[in-house]
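The values are calculated or read from the model by the stated rules, or taken from the named source; none is laboratory data. If you're wondering where the values come from, they're calculated on a predicted model, not measured in any experiment. So basically every Cβ, Gly included, is an ideal-geometry build from the backbone, and we count neighbours across all protein chains shown. Quick note on the areas: whole protein, heavy atoms, side chains included, nothing else; ligands and nucleic acids left out. Shrake-Rupley method; radii C 1.70, N 1.55, O 1.52, S 1.80 Å.
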Amino acid sequence: MSDHLLAELIRCLPDLRLLTAPADLEHYGRDWTRRWTPAPLAIALPASIEEVQQIMRWANAQRVAIVPSGGRTGLSGGAVAARGELVLSLERMNRVLDFSPVDRTLTVQPGVTLQALQDAACGHGLFYPVDFAARGSCSIGGNIATNAGGIRVIRYGNTREWIAGLKVVAGNGELLELNRGLIKNSSGYDFRQLLVGSEGTLGIVVEATLKLTDPPPPSQVMLLALPDMAALMQVFALFRARLTLQAFEFFTEQALRHVLAHGAQRAIEGDHPYYVVTEFDAIDEPAREAALAAFEHAVEQGWVSDGVLAQSEAQAAALWRLREGITESLAAHRPYKNDVSVRISAVPAFLQEMQALLLREYPQVEVIWFGHIGDGNLHINVLRPDGLDEPTFIAQCEHVTKLLAATLQRHGGSISAEHGIGLVKLAYLESTRSAAEIALMRGVRQAFDPHGILNPGKLFAAL
Ligand code: MLT
Ligand code: ZN
């Protein structure tokens, strides 16, 4: 059967680059979740929009599922191909196509990495502000599909804010040109924004026009050690009121220990339960004095026990590494990940309940907390204890996630802040979206992709 399907694909697109070697199927069939065994039909690497359209027409005719694929750095299984799907990798479509100094936009193909996009913006004296640790390997197509957030959302918002236009091949193979870079366009539904965060279930982004901005002013990076969780939001309120923040990230001593075990250097002596890495504008001497005054005030209040202000770019990078290195330092453990959010005003009450829940439900388990606390977004990584088999461990974590989802629901939060629903959080979509919303989402999917070819089984459970 699969031979026949591939023969037909090759007949339709004789020049298409296609991979079927077992090592390729494994490489392209998984993302960073590592929970599912990759089993795609084959890997298609189109080089043009026309090829993407032809693949979609073949997939519709043959009813073959397509998994759109970028850098596969996702953490929710959105790019996993474990059920005979054709992986449609955009990695060959990785060129920067156009820069418009007047519009202050860059137009790129979807396989451009976030880092390459940031560098291209910088080369034109401008700035693309979405940023996170996977920048070197994630692709802009994947960023758009998940509405990626990261470490500078507090200042610049999510990927969504930076999309001026998209070219998309819809599930039926039709090419859509969405918004065409317009700043003002009040002409009905904004399908561009519908595509952002759609996790590859509505269409394949084949070109993106991204807004750029002025580079940020000179900044300073500070690491703070905190005595308890309550201090976190006090320091945040203080720093946000007095400084112009570019980032405000937190992690625990347990998270830090994993990063140190991976070669990083401790920057503050002693063993403190919580840390914050913050970056803020430091344009002139008064701004730098204001930062020191805020720090001193936090120390006087007992909210901060110690701190380091980076004195060089190298030191700033070393402080950032303590936060940005967490995911990589935990990767070998294949942690069970929660990625939750609540409104900033709901953080203190939610944190209290969540802390009690996790202490009760994971008494013998290492639970690592970190995240974008200034956005109300927490990452909770649960490590499998030695001797516990993976299925039992995941079943236990799913049970706790159900309780966590109920807690989130009470606080009006979301079960997925920035990683997406994918496969990992499928069972919890209903805790975040109403039945009426999910019904509309299914209707939208039906309109874009009538045969359900694109990423089936992701975002929605199969009916
Ligand atoms: C991060 O904030 O570091 C990323 O979302 C990755 C992760 O949660 O592991
Ligand atoms: Zn994150």
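Couple of notes before you dig in:
- Of all residues making up the range 419-435, the number that are within 16 Å of V342 (Cα to Cα), within 16 Å of ligand 2 (Cβ to nearest atom) and of a type in the set (G, A, S): 1
- For the range 103-129, a residue qualifies if it is in a loop (DSSP other than H, G, I, E, B) and touching a Ser or Thr at 6+ places or on another chain (Cβ under 7 Å), and the qualifying residues are P110, G111, V112, L126, P129.
- Residue match in the range 155-164 (condition: assigned to a helix (DSSP H, G or I) and in contact with a helix residue (DSSP H, G or I) (Cβ under 6 Å, 6 or more places away or on another chain)): yes
- Selection within the range 314-325: residues that are in contact with a Phe, Trp or Tyr (Cβ under 9 Å, 6 or more places away or on another chain) and within 13 Å of Q265 (Cα to Cα). The member of this set that is farthest from ligand 2 (Cβ to nearest atom) is L322.
Let's see how each residue does on (1) assigned to a helix (DSSP H, G or I); (2) open to solvent by less than 30 Å² (accessible area, probe 1.4 Å); (3) modelled with pLDDT of 95 or more:
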position: D15; (1), (2), (3): no, no, yes
position: L18; (1), (2), (3): no, no, yes
position: D24; (1), (2), (3): yes, no, yes
position: D31; (1), (2), (3): no, yes, yes
position: T37; (1), (2), (3): no, no, yes
position: I43; (1), (2), (3): no, yes, yes
position: E50; (1), (2), (3): yes, no, yes
position: Q54; (1), (2), (3): yes, no, yes
position: R57; (1), (2), (3): yes, no, yes
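- Of the residues making up the range 335-346, those that are within 16 Å of ligand 1 (Cβ to nearest atom) and either among the β-branched types (V, I, T) or touching a helix residue (DSSP H, G or I) at 6+ places or on another chain (Cβ under 8 Å) (or both) are Y336, N338, V340, S341.
- Selection within the range 412-430 - surrounded by 24 or more Cβ atoms within 10 Å (Cβ to Cβ) and of a type in the set (D, E, K, R): E418, K425
- In the range 311-333, the residues that are free of Cβ contacts under 8 Å to residues at least 60 places away in the same chain and more than 9 Å from ligand 1 (Cβ to nearest atom) reach residues that are open to solvent by less than 50 Å² (accessible area, probe 1.4 Å) and not basic (K, R) with C-beta atoms within less than 6 angstrom, at least six apart or across chains, in these pairs: H333/L383.
- Filtered residues of the range 130-153 (kept if part of a helix (DSSP H, G or I), within 12 Å of ligand 2 (Cβ to nearest atom) and open to solvent by 20 Å² or more (accessible area, probe 1.4 Å)): A133, T146, V153
- For T327: the one exception among (1) in a helix (DSSP H, G or I); (2) over 18 Å from the mean Cα position of the chain (by Cα); (3) closer than 11 Å to N381 by Cβ: (2)
- Put simply, of Q364, Q409 the only residue that is without any contact (Cβ under 8 Å) to a residue 24 or more places away in the chain and surrounded by 15 or more Cβ atoms within 10 Å (Cβ to Cβ) is Q409.
- Counted residues, the range 421-438 - those being more than 15 Å from I380 (Cα to Cα) and in contact (Cβ under 8 Å) with a residue 12 or more places away in the chain: 10
- Note on the range 219-268: residues that are part of a strand (DSSP E or B), touching a helix residue (DSSP H, G or I) at 6+ places or on another chain (Cβ under 8 Å), away from ligand 2 (no atom under 16 Å from the Cβ) and closer than 17 Å to V304 by Cα total 5.
- Filter result for the condition that a residue is under 27 Å from T146 (Cα atoms), within 16 Å of ligand 2 (Cβ to nearest atom) and surrounded by fewer than 17 Cβ atoms within 10 Å (Cβ to Cβ), over A331, A346, A395: A331
- Qualifying residue in the range 77-98 (condition: touching a His at 6+ places or on another chain (Cβ under 6 Å), over 29 Å from E279 (Cβ atoms), away from ligand 1 (no atom under 15 Å from the Cβ) and of a type outside the set (F, W, Y)): no
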